[in-house]
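Okay, structure first, notes after.
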Amino acid sequence: MSYFSRLTDIVTCNLTHLLNNAEDPVKEIEQIISEMKEGIAGANRSVKTAMANEQSIQQELAEYERQIFQWKEAAKNALALNDETEARNSLVRKQEVDDLKAGLEQQHRAAVATCEHLTTTLHALEARLAEARRKQLELTEQAGLSETPSQSTPITADVESSLTPSRSEQIDSELAELKRELGQ
């Protein structure tokens, strides 16, 4: 089974079902968590690449906007000098850049959609990882491997450290809102 197929199975399946069929559920959950961490690292790289691509396209669109403005101004200046031929040539160039911009706008929309999709997938992976870590804690406690509550702290801290900065900020904001609702 390929790595990506395995990761897809882990992300889409029911963890309880997967672990019930495992010879050693504790080792299996450790392997699953390890694979999920690798998957999240890859997803983070993909999100960063998609964001960089989207920003690059946005910069190129801004450059086209600048060129469109310049060609329009050149046409105005040519008309002010009674040079209709030069004004027409400038408007032809403006139209060419307009056409390039229109094509790039489609690419930009696709890049934004890709970035949003990858970010959503990353958040889903993070959620599945948090679920797997909770399951790991449960399994280790059931197996008698977790004798003190302090041993569960690294798993909880590890869940928090795996969150992307934007996700962590979102959670902090939501937590603050809940505290306000409760008057805390």
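To keep it simple, each residue is scored yes or no on (1) touching a Cys at 6+ places or on another chain (Cβ under 8 Å); (2) modelled with pLDDT of 90 or more; (3) open to solvent by 50 Å² or more (accessible area, probe 1.4 Å).
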position	(1), (2), (3)
13	no, no, no
25	no, no, no
33	no, yes, no
47	yes, yes, no
57	no, yes, no
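Return yes or no: is residue 143 closer than 30 Å to residue 17 by Cβ, in contact (Cβ under 8 Å) with a residue 12 or more places away in the chain and out of contact with any Ser or Thr (no Cβ under 6 Å at 6 or more places or on another chain)? Outline the logic, then answer.
On the way: closer than 30 Å to residue 17 by Cβ: yes; in contact (Cβ under 8 Å) with a residue 12 or more places away in the chain: yes; out of contact with any Ser or Thr (no Cβ under 6 Å at 6 or more places or on another chain): yes.
Yes.
Can you find a residue that is open to solvent by 30 Å² or more (accessible area, probe 1.4 Å), within 24 Å of the chain's Cα centre (by Cα) and at pLDDT 85 or above anywhere in region 61-77?
Yes.
How many of the residues in region 78-93 are surrounded by 15 or more Cβ atoms within 10 Å (Cβ to Cβ) and of a type outside the set (D, E, K, R)?
Here is the first cut: in region 78-93, the ones surrounded by 15 or more Cβ atoms within 10 Å (Cβ to Cβ) are 78-79, 86-87, 89-91, 93.
Restricting the remaining residues to those that are of a type outside the set (D, E, K, R) gives 78-79, 87, 89-91.
Final tally of qualifying residues: 6.
Of all residues being modelled with pLDDT under 55 and either open to solvent by less than 80 Å² (accessible area, probe 1.4 Å) or of a type in the set (Asp, Glu) (or both) in region 134-149, which is farthest from residue 24 (Cα to Cα)? Just the residue, please. Looking at the filtered set, the residue picked out is 148. Applying a threshold of 6 Å to beta carbon distances and a minimum spacing of six or more residues, or different chains, the list of pairs starting in region 56-71 at a residue that is more than 10 Å from residue 98 (Cα to Cα) and ending at one that is assigned to a helix (DSSP H, G or I) and open to solvent by 90 Å² or more (accessible area, probe 1.4 Å) reads 57/107; 71/93.
Report, by residue number, each residue of region 35-45 that is surrounded by 15 or more Cβ atoms within 10 Å (Cβ to Cβ) and closer than 30 Å to residue 109 by Cβ. Can you show your working first?
Quick first cut of region 35-45, residues surrounded by 15 or more Cβ atoms within 10 Å (Cβ to Cβ) only: 35-37, 39-40, 42-44.
Within region 35-45, 39, 40, 42, 43, 44 meet the criteria.
If you go through region 105-133 and keep only what is within 21 Å of residue 22 (Cβ to Cβ), more than 15 Å from the chain's Cα centre (by Cα) and surrounded by 15 or more Cβ atoms within 10 Å (Cβ to Cβ), you end up with 128, 129, 130, 132, 133.
The values are calculated or read from the model by the stated rules, or taken from the named source; none is laboratory data. As the structure is a computational prediction, the values presented were derived from the model and not from experiment. Positions of Cβ are backbone-derived with ideal geometry, glycine not excepted, and every protein chain shown enters the neighbour counts. Only protein heavy atoms, including side chains, enter the accessible area calculation; ligands, DNA and RNA are left aside. Shrake-Rupley method; radii C 1.70, N 1.55, O 1.52, S 1.80 Å.
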